[in-house]
Structure formats: C-alpha cells, structure tokens
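Below is one structure, written out as structure tokens, with a few remarks after it.
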Amino acid sequence: MKVVRTPGELEARPRAVALGTFDGVHIGHRRVLDAALSTAPELAPTVVTFWPHPRVVLGNDVGLLTTLERRLELLDEAGVGETLVVEFTLQLAQMAPEAFVAELLRPIGTELVVAGTDFRFGRARRGDLDTFEELGLAVRRVELVSGISSSAIRGLLADGDVESVSRLLGRPAEVEGTVVAGDARGGTLGYPTANLRVDPSLLVPAYGIYAGWAAGHRAAVSIGTNPHYGGRERRVEAFLLDFEGDLYGERLIVELWRRLRDEQAFASEEELVAQITHDVEETRSAQRPI
C-alpha cells in the first residue's frame, strides 16, 4: 500500500475516498472500506485518515486501539491501495468545510466520499455528508453497525473482555510493543518472558493473565504489576510456548484470545510456578476466538 502525507504525493485521478480516523479498523470501519473498494476499477479506492487522533489533539484523554503503523497495516490487509495520512492539528480542526474539500480532496481527484453516517468535519464540526454533496461531491453513506464503535471496544478492553472485543474487531484483540529487558524473573522460574514496552498512547487491556499468540507461537500473557513480587509498575510480558531465540528490540504484536484469571500474589514461589504451569496448559488448549 502506498502511504503519503500530503495530497500532492498522489496522482489526481477519479477516486472513491473513505474518510475517517479508523482507530482499530473494526468491523464498522471495514464496511466503509468495503464500500470504497467496491467502486474499483471505475474509481480508485483511497483512504484519507488522520494522525494524531483528533480527539487527542482537542484535549481529550483517549486510549488508542492501534498505533498508526498498525492501522496502516490493517488498511493494507483490507485491500486499500493508497492512503493519505493527514496531520490533524488545531488549525485543521478550525478549517472551513469548503477549504477541507478544496485543499485535501479535490487535489487528489475525489469524486465520491464514503463515510459513516455520523461523520463530521471542519470548524465546530459543522460539515457533514450533506456538505460534501452541496460542494459537488457524490456521497455514499454507510450505516453504522449497532453496538460496534471504537468507544465500545475501549470499554470492553478496560474490562478485560477480549473475546467480545474480537467479535467487534473481526480479529483477536491485540497489544503491541517493543521487546525490552525486564527483571528476568521468568527465566529463573523456567518461563522466560518477552517484556513489552508499549506506546503510552495505547490502551492496554485490564490487568490479568491471558492466553494468546505472538510471533507464530501460543503465548501466555501477563498484564499487571507482578503483585507476587510487590511490583507497582505496569508490565506486559509474554511467555511464548515452544520458542527459542532472542526477541530483544523486536516489535511484537500479541493477540489476546481469552482472559484466564486475575493477577495475584501467592503464598510461595512454588505456588506461583504451579499456577504458571496451569496457565501455560490453558494457553496450549485455548482456541483463537475468530
């Protein structure tokens, strides 16, 4: 997929533009993308998306579902050929709808705008899909999918309900990060883990132990503070079953299939190891939710 940051980097040709932030690229987003993709070859399906997240720029506290890198990967997997990533600024938020169309959409050849029925843009969010039509663009309105939204997914992740999240995403819930050095306690217990440094802007699911998948292996995943050792700092650690190798410095996307239990402190290290062994066996038999 070709990714650009300014309209001038795209050839001006007849396009169907899917507009949105697409945080998480969930099932509702996929309906918008599919509607744009269905216009090919008459129109070139194109995504125009925004980074940083508009709500963050406007001062709201939003835990993101995906990094921009992951969002672009998911758009690519959905079949999108070209994506324009527009830097969202306070100036862009104040842009008149007429200027939004003139500066971002017309230069790339937009003929059809595809978006969810609740899409708003421009100063005071006064632009909507009717506005595009008033400005001479065709519009395809995609009805929202009841109960499916990035906000709903955030709420489920905060509760640790990753199985419900998978049904809204159309794929397993994920946590993404870079593998960094940890305390190395897992290795001394016989279960060496990959310790993830997670972008602070990302929403991390509720503390607990999860069964999942990473780097081609099933993974028993701990999210929390390691209460058995009196930890206070949040850690995301994954034990990859039947894995041998060095992951330090690697970007790792960890699928979360099922929440196994709360994190807890144990009366002894022996009890801790016994519970980890049980968690690993549960992970070995867990089924990918979708």
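The values are calculated or read from the model by the stated rules, or taken from the named source; none is laboratory data. These numbers come from a predicted model, not from an experiment. All Cβ positions, even for glycine, are placed from backbone atoms using ideal geometry, and neighbour counts span all protein chains on display. Just the protein is used for accessible areas: all its heavy atoms, side chains included, with ligands, DNA and RNA removed. Shrake-Rupley method; radii C 1.70, N 1.55, O 1.52, S 1.80 Å.
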Where labels lie 7 Å past Cα in the beta-carbon direction, separation of ARG125 and GLU143 in nm: 2.3
GLU73/VAL273 FRET efficiency (R0 35 Å; Cβ-Cβ; nearest 0.05): 0.45
Taking alpha-carbon centroids only, the range 134-165 lies from the range 77-110 a number of Å equal to 20
Order TYR210, TYR191, TYR248 by their accessible area, 1.4 angstrom probe, all chains in place, largest first. TYR248, TYR191, TYR210
Per residue of the range 241-250, what does 6.51 cos²θ - 1.76 cosθ + 1.60 with θ = phi - 60° give for ³J(HN,Hα)? Whole Hz please, x for Gly and Pro, Karplus curve as stated. 5, 6, 10, 10, x, 10, 10, 4, x, 7
Across the alpha-carbon set of the range 56-209, Rg over Rh with Rh taken as the Kirkwood radius works out to 1.06
Enter the angle in degrees (range 0 to 90, nearest 10) between the Cα long axis of helix 27-37 and the first principal axis of the Cα atoms of the chain, meaning the one along which they spread out most. 40
Here the alpha-carbon Rg of the range 1-80 over 2.2 N^0.38 Å rounds to 1.13
Under the definition of Cα pairs under 8 Å and six or more residues apart, what whole-number percent is the relative contact order of the chain? 17
Which value, in debye to the nearest 20, gives the size of the charge dipole of the range 50-178 about its Cα centre, when Lys and Arg are +1 and Asp and Glu are -1 at the Cβ? 300
For the chain, what is the calculated [θ] at 222 nm in deg cm²/dmol (nearest 500), taking -39500 (n - 2.57) for each run of four or more DSSP H residues and dividing by its residue count? -7000 deg cm²/dmol
Heavy-atom accessible area ranking, 1.4 Å probe, most first, across LEU90, LEU247: LEU90, LEU247
Length gained, VAL56-GLU282, 0.36 nm per residue minus C-alpha separation, equals 77.5 nm
Based on the alpha-carbon set only, what is the convex hull volume of the range 139-280 divided per residue, in Å³? 126
With every protein chain left in place, what is the accessible area per residue of the chain in square angstrom, probe 1.4 Å? 47
When the chain is treated as a Gaussian network with springs between alpha carbons less than 10 Å apart, the largest mean-square fluctuation among ASN60, ASN195, ASN226 is found at ASN60
Specify the residue with the greatest mean-square fluctuation among LEU156, LEU169, LEU58, computed from a Gaussian network of the chain linking alpha-carbon atoms under 10 Å apart. LEU58
Principal axes of the chain: Cα extent on each, largest first, Å: 70, 37, 35
Give me, ordered by chain and number, the residues 5 or more places off ALA18 or on other chains with an amide H under 5 Å from its own placed amide H. THR46, VAL47, VAL48, VAL114
Determine ³J(HN,Hα), in whole Hz, for all residues of the range 269-286 in sequence, where each value follows from phi through the Karplus function 6.51 cos²θ - 1.76 cosθ + 1.60 and θ = phi - 60°; x replaces Gly and Pro. 5, 4, 5, 4, 4, 4, 5, 4, 4, 5, 4, 5, 5, 5, 5, 5, 9, 5
For TRP257, the accessible surface traced by a 1.4 Å probe with all protein chains present amounts, in square angstrom to the nearest 10, to 10
Spelling it out for VAL86: with amide H atoms placed in the peptide plane at 1.01 Å from N, the residues 5 or more places away or on another chain with amide H under 5 Å from its amide H are THR49, PHE50, TRP51
As I understand it, the dipole of the chain uses +1 on the Cβ of Lys and Arg and -1 on the Cβ of Asp and Glu, about the Cα centre. Which of SER285, ALA96, GLY249 lies farthest toward its positive end? ALA96
Report, in whole Å, the centroid distance computed from the Cα atoms of the range 29-53 and the range 205-235. 35
For the range 93-147, what log10 I(q)/I(0) values come out of the Debye formula at q = 0.25, 0.30 1/Å, with one point per alpha carbon and no solvent? -1.01, -1.28
5 Å is the cut-off here: which amide hydrogens, built 1.01 Å from N in the peptide plane, fall below it relative to TRP257, excluding neighbours closer than 5 in sequence? ALA211, GLY212, TRP213
Rg(Cα) of the range 212-252 divided by 2.2 N^0.38 Å? 1.30
Quick one: what are the phi-derived ³J(HN,Hα) couplings along the range 114-128, Karplus 6.51/-1.76/1.60 with θ = phi - 60°, whole Hz, x for glycine and proline? 10, 7, x, 5, 9, 5, 9, 7, x, 4, 6, 6, 7, x, 9
